[in-house]
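Asker: Quick one: structure below, then a few questions.
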Amino acid sequence: MEVIIEVVEVCDVFKGKSINMKRKQIIKDIAQMLRCLYLPYSSAIKKQQQDVVRFLEANKIEFEEVDITMSEEQRQWMYKNIPPEKKPAQGNPLPPQIFNGDRYCGDYDSFFEAKESNTVYSFLGLKSRLASKAEP
């Protein structure tokens, strides 16, 4: 099975100029798209975003990075698709928020807990690399 994913890297703002790089990749053996939604202006949020991205890249997990400051549609999609019990009592949930297709995986704190307990693949709704290699 092949899945085509459009990868949108986070918009870098430098001296008022926005640079938005896009590329397409064909991936094999992944049934759903992993989506990471970000808001790039906060240093704390940026650090969390980088932590998630570094982990995904280091483990060769394909993903789509979405800058929600550049798309009202994506921002509304994120707000709509986070389960009510996961939303804050006041205001909107802050990125990074992680989805596998339309399935909500969690926020950064949930990702960090999964990473610390070595359950990230389960958290992301993916087969672990070890399980994939063990199968004939």
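Asker: Could you look through region 79-131, keep only residues that are among the aromatic types (F, W, Y) and out of contact with any Asp or Glu (no Cβ under 9 Å at 6 or more places or on another chain), and pick out the one that is farthest from I45 (Cα to Cα)?
Answerer: Only one residue tops the list, namely Y121.
Asker: Could you list all residues from region 89-106 that are closer than 28 Å to N59 by Cβ and open to solvent by 50 Å² or more (accessible area, probe 1.4 Å)?
Answerer: Once the filter is applied, which keeps residues that are closer than 28 Å to N59 by Cβ and open to solvent by 50 Å² or more (accessible area, probe 1.4 Å), region 89-106 yields L94, D102, R103.
Asker: Are there any pairs with C-beta distances below 6 angstrom linking a residue in region 58-72 that is within 15 Å of R129 (Cβ to Cβ) and at pLDDT 90 or above to a residue that is assigned to a loop (DSSP other than H, G, I, E, B) and of a type in the set (V, I, T), with the two at least 6 apart or on different chains, and if so which?
Answerer: From region 58-72, the pairs are E62/I30.
Asker: What are the residues in region 78-88 that are free of Cβ contacts under 8 Å to residues at least 40 places away in the same chain and either surrounded by 15 or more Cβ atoms within 10 Å (Cβ to Cβ) or assigned to a helix (DSSP H, G or I) (or both), if any?
Answerer: The answer is Y79, K80, N81, I82, P84, E85, K86.
The values are calculated or read from the model by the stated rules, or taken from the named source; none is laboratory data. For clarity, every value in this text was computed on a predicted model and none was experimentally measured. Because the Cβ atoms are built from the backbone with ideal geometry, glycine has one as well, and the counts that use them run over all protein chains shown. Only protein heavy atoms, including side chains, enter the accessible area calculation; ligands, DNA and RNA are left aside. Shrake-Rupley method; radii C 1.70, N 1.55, O 1.52, S 1.80 Å.
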